[in-house]
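Everything below concerns the one structure shown next.
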Amino acid sequence: MQLDERKTKILQAVIRNYLETGEPVGSRTISKYTDLNLSSATIRNEMADLEEMGYILQPHTSAGRIPSDKGYRFYVDAMMAEKEREVVEMKEMLLERQDKMEMLLKQVAKVVAQNTQYAAMISAPQTHGNKVKFIQLSRVDAGQILAVIVVEGNVIKNNILSVTEELSDETLLKLNILFNTHLNGLSIGEISLGMISAMKQQAGIHSDIVSEVIDAVAEAIKAEEDLEIYTSGTNNIFKYPELADHSRASELINTFEEKQLLSSLVQNTLTDEQSTGIQVYIGDETPVQSMKDCSVVTATYELAEGMRGTIGIIGPKRMDYDKVVGTLRTLQNQLDELYKKHDE
């Protein structure tokens, strides 16, 4: 059964009022809250229908109603489908330029938490399915060569490799041509055993170097795929009575401190290809069990070279969805520009 305009307005009024107060909402409150000019009796009937349809709940016999997860879902979907909200840019999001991406991301997480008064997280950008861009071998001394491996996102990894004899400039040139001809543009999963065997054959007496360089490439890509996640505002959780219960709060704070479960949330977000890049998880919809009493809103941000990361805001189900989604939309637009400034 579809919600008509009247039921939709009443449901939205219930949700907005509950978001503001955290208290169950009665028909008399709704009659003052909407422009429908309906009697309390009519509103009671409509609210009874909404309850029967599963959009609102009555926590106590004599109390008003509160939104169900289904109600929140309807509200969020309607809000996001109706328009791409333009929000006021966060004031002075970064007061000082930071030299490192780590400092930038920590500052972003802090500002998001302060701006929303919820918990916030942000993952360092990754290149999904990293590929080799360039390999450069150069001599360090008679027994060592330096392998510089550049992967997508202009991430550079240096490895010192031992050699049994000093390599001539001509040999190094041939090996550089060999590696770059075969490996450029490939991910580690695309480098086959047959390709490695062919490279070893071409390298002749220096075939051992092929194995070491392949290992170094794998290590470079793996290291870049290790997620770094920064969090802020976890103590904001205690501001909301429904999350301040000792066991719930402890479980949530452990999730933020250990971060392993947050990694699964990030991976879940980064593999999603929806055009908005924003996901809203309400209650049991979240892939993180310890957040089943929360709402989690995530956004994918993208920097140069296809580097992508996740911003997340975690709060009560009665969070200010408009503000949260607006904040994330603003950040999506700002992060690439901020990254370029800090990269100069």
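Every number in this text was worked out from the coordinates using simple rules, so none of it is lab data. What you are looking at is a predicted structure, and each value in this text was computed from that prediction instead of being measured. Cβ sites come from the backbone with ideal geometry, for glycine too, and all protein chains shown count toward neighbours.
Taking all Cα pairs closer than 8 Å and separated by 6 or more residues, the relative contact order of the stretch 132-225 comes to 26 percent. FRET efficiency for the pair ASP77 and VAL150, taken as 1/(1 + (r/R0)^6) with r the Cβ-Cβ distance and R0 = 51 Å, rounds to 0.75. Taking a Cβ cut-off of under 13 Å around GLU20, the surrounding Lys, Arg, Asp and Glu residues balance to a net charge of 0, with basic ones at +1 and acidic ones at -1. Residues VAL163, VAL148 in ascending order of nearby Cβ atoms (within 10 Å, fewest first): VAL148, VAL163.
Multiplying the residue separation of GLU228 and ALA198 by 0.36 nm and subtracting their alpha-carbon distance yields 7.1 nm.
The residue among TYR55, SER39, GLN12 whose Cα reaches farthest toward the positive pole of the charge dipole of the stretch 5-81, with charges on the beta-carbon of Lys, Arg, Asp and Glu, is SER39.
A simple spin-label model places the labels of THR61 and SER264 4.1 nm from each other, with each point 7 Å out along Cα-to-Cβ.
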